[in-house]
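One structure is given below, encoded as structure tokens.
Here, each number is a calculation from the coordinates, and none is a lab measurement. The model shown is predicted, which means the values in this text are computed figures rather than measured ones. So basically every Cβ, Gly included, is an ideal-geometry build from the backbone, and we count neighbours across all protein chains shown.
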Amino acid sequence: MSQNLPLIKSTQFVPKALTSDTLSLDAQEPWAHLSVGMINCYARRHEEAIDDLSKALKLNPNSSLAYLWLGLVYGYSGQVELALESLDRAYQISPRDPFNQSTAIFKSVALFTARRDVEARDLAREAVKAQPELVGAWRLLAITCALLGELEEARFALAEVKRLQPTISLAWGEKFGPWARAEDLKRYLEGLKLAGLE
């Protein structure tokens, strides 16, 4: 790895110039658009992420990974039906793709924004069974259980979150939660607080 590359601790603080530089290297490369879309998702630049991922799919319509990430961005943006369609399309294209393990948690994100907490919780449970080290799945399980009043399971899930992410706090959630809509971020933080996070 080049020693001239900056160390980036959070995609939220990736300058737009760096993502533009990536695309200037080869604007016809679908992986470049996919990578920039992923960064823009967590930088809370959702419209740009959707645009980048759509360009990746225009260049490679068979990219199940681009459909997966497009589904996640739509989910974080509260566009539930588009999220579920994109995630289903990813599976149709490549049903044995190892990245499909992320489908359950990505769908859970979308259902959380739709306030379909029972379904979101069920998919978060599925995700932690498939990927027990996936901290985002444990976070969403803690949140949805707490919002449903299932505090024992919420506290257990939060303990797993703290094991995997010892520095988590409500301040961290507010600063780095990739939700596009204020009401979704508010519910996310409310669920974490109900689960026992300070």
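Per DSSP H run of at least 4 residues, take -39500 (n - 2.57); add these up for the chain, divide by its residues and hand me the 222 nm value, nearest 500 deg cm²/dmol. For the chain, the value works out to -21500 deg cm²/dmol. Modelled spin labels at Glu81 and Asp97, positioned 7 Å past Cα toward Cβ, are 2.3 nm from each other.
Applying the Kirkwood pairwise sum to the alpha-carbon positions of the chain produces a hydrodynamic radius of 17.2 angstrom. Compared with the dominant Cα axis of the chain, that is its longest principal axis, helix 103-113 is turned about 70°.
Stick to Cα atoms and the Kirkwood definition of Rh, then tell me Rg/Rh for region 13-106.
On the way: Rg = 12.6 Å, Rh = 13.0 Å.
Dividing the radius of gyration by the Kirkwood radius yields 0.96.
Inter-part distance, region 105-158 to region 31-69, computed on C-alpha centroids, equals 25 Å.
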